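The values are calculated or read from the model by the stated rules, or taken from the named source; none is laboratory data. Quick caveat: nothing in here was measured; it's all calculated off a predicted structure. Backbone-built Cβ (ideal geometry, glycine too); neighbour counts: all protein chains shown. Ligands, DNA and RNA are excluded from the accessible area calculation, which covers all protein heavy atoms including side chains. Shrake-Rupley method; radii C 1.70, N 1.55, O 1.52, S 1.80 Å.
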Amino acid sequence: MSEVRLSGVRAGYGDVEILHGVDLAVPSGGTTAVLGDSGSGKTTLLKVISGFLRPDAGQVQVGGRTVAGDDAWVAPERRGVGYVRQDGGLFPHLSVAGNIAFGLPRTGIARRGRAHRDRVLELLDLVELPADVAERRPDQLSGGQQQRVALARALAPRPDLVLLDEPFSSLDTALRTATREATARALQASGATTLLVTHDQGEAMSFADEIAVLRQGAFGQIAPPRTIYGEPVDAHIASFMGEAIPIHGLASHNQFRCALGNLEAAGFVTRGAVVAILRPEQLRLVAPGEGSVDARVSRVTYFGHDSVADLELVSGTPLKGLRARVVGPEAPAVGDTVGLWVVGPVRVFPG
Amino acid sequence: MSVSSSGTLRAAAAAGAAGGPGPEPDRQRAPGQRAPTRRRPRRPASPVLATLATLVAALTVLPVAVILVRAGSGPPGEALDYLVRPRIGELLAHTGWLMVLTVPATVVLGVGAAWLVERTDLPVPGLWRTLMLAPLAVPAFVSAYAWISVRPGLVGLGGAVLVTTLAYFPFVFLPVAALLRTLDAGEEEIARSLGVGPVGAFFRTVLPRLRPAVSGGALLVALHLLAEFGVLEMMRYQTFTTAILQQYAVGFSDVRGSLLATVLLVLCLLVLTVEVAARGRARVARLGAGAGRRPLPLPLGRWTVPAVAALGAVVALAVVVPVAVVARWLLVGTRIRVEGAGLGDLLLVTGSTVGLAVLGGLLAVALGLPGAVLLDRHPGPFAVLVERLTFLASSLPGVVVALALITLSISLVPGIYQTALLLLLAYAILFLPRAMVALRSGLAAAPPELAEAARSLGQNGAGVLGRVVLPLAAPSVLAGFVLVALAISTELTATLLLAPTGVETLALAFWSATAELDYAAAAPFAAMMIALSVPLTVLLRRQITS
C-alpha cells in the first residue's frame, strides 16, 4: 500500500503553474527523495502534500485517504503529515521541550513541557541529542541541533508521513553528513514514511530507497538510486545525476564505435549516430599501448581520496571533457602518456 | 521613503518616537527571527483585506484632498493676491532660514556624536548612547519654555535654532549610530590594506554608506521644523504653522487657512523630494553572507577629554538645562501655592491625557493592521502604494491634518466636530506609520513558515494565532502602541485645534499656563510630560543595540 499517492497533480501560484500534472507513489515505510534544481517545483510539491497549497487539478492521497482533489479537502492540521523545513522553523519563543511537545495533545493545565516529559526525552534520544538540551532556547543550539529538534518535533505526534524540505542544506559539510545519518536512523526507528526534497545528488542517493527526478514541474524518472545513476532514461538525467562525458559515435548491435574504440553499449541502442554517456570512474588508466587507445594527461586535480585526470587523445581527435577518476595514490603526472580502458557498458541515447 | 534603505528606516524609527510627523520607521528584527532564506511566492490578498487597507490609506490621504479642494474653492484672483503678499514672503524666508541653519547643525551634531559613541574608545559608550537620546524625552516646547523663562532675550531666530537643534539632533544620531554599529569592519580593513590611512578609510568607506541614514534623519528634522508650533510660538518666530494657528485664533477663514496649509504642504513635498534625491540609490547593505565583525574602536588619545567635554556640553544644554529649570519652577510653585488643589488638577489632566493616548494608540494599531498584514504577507506594488500613501499623509504637519478634519467635519458630519473622536482620528492619521511599522515587525517575527509548522503539528487557525503568532508578535505590537501613545501624550498642535471644550491635556494645560507667563503653574505639567516620555529613550536605545 502506498502512504502517499499523487495523481495528475497540477498546482501553482496565481496564474503561474509550477507542477504540470505529477504522479508519485511512496510505499508505506519507504524513503523517497525528490531531486531537482531550484525552481523545479520541489517545495511546491511538499506544500501540496502538507496542505498549504490547494492543487488546481489532480488528487492527493495520504494513508489511503483522499486529502485533496475530487472535492475533498483536509486541512493541514488534520493530515498527520510532519514537516521539517530547511531552516528548522523552530518556535523562537519556546524551549526545546516546548517545541517538541507542541504537537502533543494538551493535558489540562499542566505545562506542556512537563506533562510530556517522557515523550520529549524519548524523542531527544531518538534524534541523538542529550537530555539537557530540553530546557534550552532554539537560538542556543547549533544549526545541526536545531534540525534534529525540528525532526523530533515533527515526529512527536507520530505522523505516518514525514516531509523533509532540504533539511541539511544549511549545514556545513561535516555536520551535514552526521545530521543526515542521525536523521535516517531516527526515521527508520520511527517507521514513518519519508519524502525528502533535495538538490544534492549524493544526499538523495545515500538517503533514499527511491529517487524521483523533478524537472520543470514534472518527474523525469522515478527509480532506485542504482538504476537512476546506472540506467538513466535520457542524457539530461545522466548528467544531472553525476559527472558524465558525452561521446558521439556509431551504434550497431551492442557495440558503440567512437574515438575510444569499440565499446560495449547498453540502453536505447539503435543503429546509426548516437550519443553515449561515459562516467569518469569507468575509465581505467593502464600502461601506454595496453588500452584501447592512448591519451596524454593535461591536468590533474587532487582530492585526497581520489584524483581526476583530464585527458587528451594522442591521436589528436578532440574529445571534450574526457577525464578519469583515479583512486588513491595511483594518480598520473601531467604530461604522462597512458592507455585508456573502459570498464562496463556505456549508456547510449538517440543522437 | 523606500523600504529598501535601512538608513531611512532607522531614521524614521526616531520619528516613531519623537513627537512629530515622520515617515516610516525601522523593521526591527525580533529575537530568534532569521533572515528569510528564499523569497515567498506572492499570494494575492483577499478582497476584504485589500478593501480595508485601501480605506485606511484613503482616510490618511483625505486631509490633503480636503485642503487642496478648499484652497481652490475661492476666486482664483483672490487666492493669488493673498499668496503674493509680502507677509507670505516673510513667512517663507523665516521657514527657509530656520531650515538652512538647523538641519546642517543637527547633521553635524548627530553624525559627530554617533561616530564618537560607536567608533571610538570613548569612555562609557553605553551611557553616552542613552544620554544622546535623552533629549527626545523632553518635548521641544518644554525645552523652549525652560530657555525663555531663564533667558527671555533669546527670542527670535537664534533661540529657535538653538532649541530645535538640541531637541532634534537625536533624529540624526539614532539612524547613524544604528548603521555604524551594523557596518562590517571588513571594508575599512580592505581600504587599510590598500594603503589608505585610518581617517581616509573612514571617509572613503564608511561615510558614503551613512548617506541614507543622514538624509533620512535630516528629512525628519526638516519635517519637524515645518510642523513645529510650540517652540517657534514661544520664540516669537513666525512660520507657516504658527501663522495658520494665529489665523485660526483670530477668526477662522478656512479658505485662507487652507491656502497657507497648501504652501506648507508644497514645502513638505519639496523636502521629501530633496531627500529622495539626496539619499541616492547606492546599496548600503553589506554584500555577501557570513557574520559581520565590528571594527576595533579608534583610540582617541589626547582627544578624549575634548570629546567628552563636547558631548557633556550637548547633554547639559539639551537635557540638564530644561530639567533643572522645570525642577526650579516646581520648587517655586510649591512655595507660593497652597498645596492640594494643584496636585488634584495635575492628576486629573494626566488621567485624561493618558486616556486619550491609550485610545489613540489602540485606534492607530487597529487602523494600521490591514496595511501591515498586506505588506508583510502579500508584498507587491499594491501594498507598496498603500504604504507610501499612508506615510506621505502622515508626514504632514499636525496643523494641516487638524485643519482638514475641522473643515471636513463642519461641512459633512457636524455631529463629530468638537468630539474626542475627531481628535483621536487626527492622532491616528498623524501617528499611523509608527503603529504600522511596529505591526510589521511583529508579523515578521511570526513568519508564515512558523504558522505552517504549527498547522502541520495539528493546530487550527485559532491555535496558530494563540500559541505562535500572538506570543511572537506581542512585544513589537506593544512597543508600537507605546510609541504612539507617548507621541499623543505630548502632542500640542493638533490638540490645540481639535480638543473638545472642557478636555484638558498635559500639553494644553502647560500651554495655557505659559501663555499667561505663569511659568510656575506650567512646571508640574512639563515635569509630568518629561516623566511620561522617559520610556521613549529606553525603547529607542534598543533600536541601536539590537
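Brief remarks on what is shown
- Here residue A:175 fits the description: touching a Gly at 6+ places or on another chain (Cβ under 8 Å), open to solvent by 10 Å² or more (accessible area, probe 1.4 Å) and of a type outside the set (Asp, Glu).
- The set of residues in segment A:264-283 that are farther than 16 Å from residue A:235 by Cβ and among the hydrophobic types (A, V, I, L, M, F, W, C) contains only A:283.
- Just one of (1) modelled with pLDDT under 85; (2) open to solvent by less than 50 Å² (accessible area, probe 1.4 Å) fails for residue B:351. It is (1).
- Only one entry in A:272, A:344 is touching a helix residue (DSSP H, G or I) at 6+ places or on another chain (Cβ under 6 Å) and modelled with pLDDT under 90, namely A:344.
- Condition check for residue A:168: surrounded by 18 or more Cβ atoms within 10 Å (Cβ to Cβ), within 14 Å of chain B (Cβ to nearest Cβ) and aromatic (Phe, Trp, Tyr): yes
- All positions within segment A:60-102 that are within 13 Å of chain B (Cβ to nearest Cβ), in contact with a strand residue (DSSP E or B) (Cβ under 8 Å, 6 or more places away or on another chain) and surrounded by fewer than 22 Cβ atoms within 10 Å (Cβ to Cβ): A:74, A:80, A:86
- Any chance residue A:18 is at the interface with chain B (Cβ under 10 Å from one of its Cβ atoms) and either in a strand (DSSP E or B) or open to solvent by less than 30 Å² (accessible area, probe 1.4 Å) (or both): yes
- Across segment A:130-164, the number of residues qualifying as more than 11 Å from chain B (Cβ to nearest Cβ), more than 24 Å from residue A:62 (Cβ to Cβ) and open to solvent by 20 Å² or more (accessible area, probe 1.4 Å) comes to 8.
- Top-ranked residue of segment A:41-59 - restricted to ones that are among the hydrophobic types (A, V, I, L, M, F, W, C) and either farther than 22 Å from residue A:151 by Cβ or open to solvent by less than 20 Å² (accessible area, probe 1.4 Å) (or both), ranked as farthest from the other protein chains (Cβ to nearest Cβ): A:57
- Positions within segment B:207-244 being within 22 Å of the chain's Cα centre (by Cα), at pLDDT below 85 and either open to solvent by 20 Å² or more (accessible area, probe 1.4 Å) or of a type in the set (Phe, Trp, Tyr) (or both), in sequence order: B:211
- Residue B:458 falls short on exactly one of the conditions (1) at pLDDT 85 or above; (2) within 14 Å of chain A (Cβ to nearest Cβ); (3) open to solvent by 20 Å² or more (accessible area, probe 1.4 Å); (4) at negative phi, and that condition is (4).
- Among the conditions (1) crowded, with 19+ Cβ neighbours inside 10 Å; (2) of a type outside the set (Lys, Arg); (3) over 20 Å from residue A:350 (Cβ atoms), the only one that residue A:206 does not satisfy is (1).
- Restricted to strands (runs of 3 or more DSSP E) entirely inside segment A:236-351, those with at least 3 residues that are more than 28 Å from residue A:199 (Cβ to Cβ) are A:245-252, A:255-258, A:261-267, A:272-278, A:283-286, A:293-302, A:306-313, A:337-342.
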